[in-house]
1. For region 79-97, enumerate the residues that are part of a helix (DSSP H, G or I) and modelled with pLDDT under 85.
2. Suppose we filter 378, 343 for residues that are under 30 Å from residue 231 (Cα atoms) and within 17 Å of the chain's Cα centre (by Cα); which single one remains?
3. Going through region 460-478 one residue at a time, which ones are within 15 Å of ligand 2 (Cβ to nearest atom), buried (at least 18 other Cβ atoms within 10 Å of the Cβ) and outside any loop (DSSP other than H, G, I, E, B)?
4. Filter region 60-74 down to the residues that are surrounded by fewer than 21 Cβ atoms within 10 Å (Cβ to Cβ) and assigned to a strand (DSSP E or B) and list them by number.
5. So which residues in region 614-639 are within 16 Å of ligand 2 (Cβ to nearest atom) and part of a loop (DSSP other than H, G, I, E, B)?
6. Between residues in region 533-551 that are in contact (Cβ under 8 Å) with a residue 40 or more places away in the chain and closer than 16 Å to residue 490 by Cβ and residues that are more than 14 Å from ligand 1 (Cβ to nearest atom) and in a helix (DSSP H, G or I), which pairs lie under 8 Å by C-beta distance while being six or more apart or on different chains?
7. So is residue 412 touching a helix residue (DSSP H, G or I) at 6+ places or on another chain (Cβ under 9 Å) and under 30 Å from residue 713 (Cα atoms) or not?
Ligand code: PEP
Ligand code: MG
């Protein structure tokens, strides 16, 4: 920032602090802050919008507009220029708003006096929570001198906008407006994918009102009839559904067995003998079981309890004469909204038509979620209150990737979703085709293609891609998702599950890589000046050795009898690698003494992410079983360019001489030392970049599951010999990037990079 802009920014920031710490009420302070902002930037008008309910922007303060406007103007995130800023999280300047395609004229706002506009988002934890706006009457090109001070002010403003004081103020405002209807909900994603369709609200359980039977015999007959009908319907349903084989089919089979279970039936009948109605007896039988099992920590038994609840509900339905015939024939697609649901309930609908499932309560291991997953249905759970608020037929759009549900979505959201859905369908079709084909180049080079795993979902890619294994398991992701530091037992369970899923394929466990942009919610961070080059990753775990030791112990125990591959991130020199490796080896020794059940083989490697280690690579390669290049961090440090800073996003290219020379150096040295060398950074997931890696000599790529198909297509259409020759000719070029040449090369040689 220029000195003049800096001093303007400092002055505004000081004034801002003074205004917000005054004793005036909050709306007065907001207006004063906005007026100050206009005055100091020589703007004719200014405004502050804050995001409410995650979905719309409300005008909370203004200057230069009609009075009485505050708290009376709102717009959706995504709509108009201002909504667009909240959506894109980017500062926007417009010389003439009247000519801007997104400008939404709102007569009530009195914007007609103004022509030029500058808006900047208020960002907190990566989310836009508001927008600051400046206007001028004349045509004016807002430049850097205007943008930078406003963006600086926006940082302090965002902090205030996210404060408790402001939260209370916004809540009070919404309550006063009687606002309860929401149109965007955030929940927990249980299965990826996008879906659009009208809501079908799954019925609630019926309460048992009649407790005592008048005629025991008649009641027993009623029970037997309902039980028989339920079971024959289930047989028919599950036999006729072409569900294939797999965990979901096992679940449905188990459910069917459960429904037929004699012991359960006899318990119910016993309660009827004792004088209860069939309905009350079903409830009593459930309660007996619940009393016995609900305190258990055993997940298997807990799931059984869920099944029992579902079967009991189904039987109650038959007793009430409601046979779960769900009338959705006239719908061609639907989104099911339920408080909770059993796997068989889902099958009451024509599952070909289900575009998404929303559960108010739900966990990833819940059977309905597993079945939905097997059927490729996006699932979002843990959205309190949605079941009551959504009405049958209401249009919904579900983003299963992020766990977001839009109610009555705008045309813009629908359009984005339609594109996503089409993309996914195309990807799935390609993936299914490619899965059967070998990852071999035209010149018969076999490329080992692994996947990167972080979230549970990624595990699905193991089968979907038929990959060679997991080249990078980011263990910090489950740590980040947990509410407290997972203990050794939890970690073991997690890692075991992963190894089971991998089913003998190679798995590379990376030790905890937290800090910088990956924060653990239960840790307090001291707020470093430069977190990306601060106390993070291996630096933390070497200093907090107990964490590293525990993780190593968990790896060793989880991989008992199997091959264990451990990789350390952010290693800067040989000493650090030795130190980390020694911790693993000590744990291995301890485990040997404790039990004979240790991993069959242990391979220890490191990530090449910090440039210094490249200068000591020959020595490191003597002691490492494998290396993997983390191009995301390596590029950030090689170019001294923050990987999270949007402004720098396109400034430096990995497809440029300095970076490619480093990459070539690494693989050449590793090949010479006969040490396995892979790339697990994003470079391997981008087809054109991965193409260059092949040309440089890389034969092991670890790719994000979603990009696997694209990269495999590239691999199968490339000739590594040709590529190697061509890339050598480029290494003396001086351009900022070699991307245009490489794209043209791919195009001319029929290499599929799109
Ligand atoms: C990398 O830095 O390239 C890498 C794979 O690690 P992460 O992206 O998790 O930092
Ligand atoms: Mg990294």
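The values are calculated or read from the model by the stated rules, or taken from the named source; none is laboratory data. Note that the structure is predicted; figures quoted are calculated from it, not measured. Using ideal geometry, Cβ is built from the backbone for each residue, glycine included, and neighbour counts are taken over all protein chains shown.
1. Within region 79-97, just 88 meets the criteria.
2. Only one candidate qualifies: 378.
3. Within region 460-478, 471, 472, 473, 474, 476 qualify.
4. Once the filter is applied, which keeps residues that are surrounded by fewer than 21 Cβ atoms within 10 Å (Cβ to Cβ) and assigned to a strand (DSSP E or B), region 60-74 yields only 74.
5. Passing the criteria: 630, 639.
6. Pairs that qualify, where the first residue is in contact (Cβ under 8 Å) with a residue 40 or more places away in the chain and closer than 16 Å to residue 490 by Cβ and the partner is more than 14 Å from ligand 1 (Cβ to nearest atom) and in a helix (DSSP H, G or I), are 547/541; 550/488; 550/491; 551/491; 551/541.
7. Numbers: touching a helix residue (DSSP H, G or I) at 6+ places or on another chain (Cβ under 9 Å): yes; under 30 Å from residue 713 (Cα atoms): no.
So residue 412 fails the test.
For (1) at pLDDT 95 or above; (2) over 26 Å from the mean Cα position of the chain (by Cα); (3) within 16 Å of ligand 1 (Cβ to nearest atom), each residue gets a yes or a no:
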position: 604; (1), (2), (3): yes, yes, no
position: 631; (1), (2), (3): yes, no, yes
position: 643; (1), (2), (3): no, no, yes
position: 647; (1), (2), (3): no, no, no
position: 658; (1), (2), (3): yes, yes, no
position: 662; (1), (2), (3): yes, yes, yes
position: 667; (1), (2), (3): yes, yes, yes
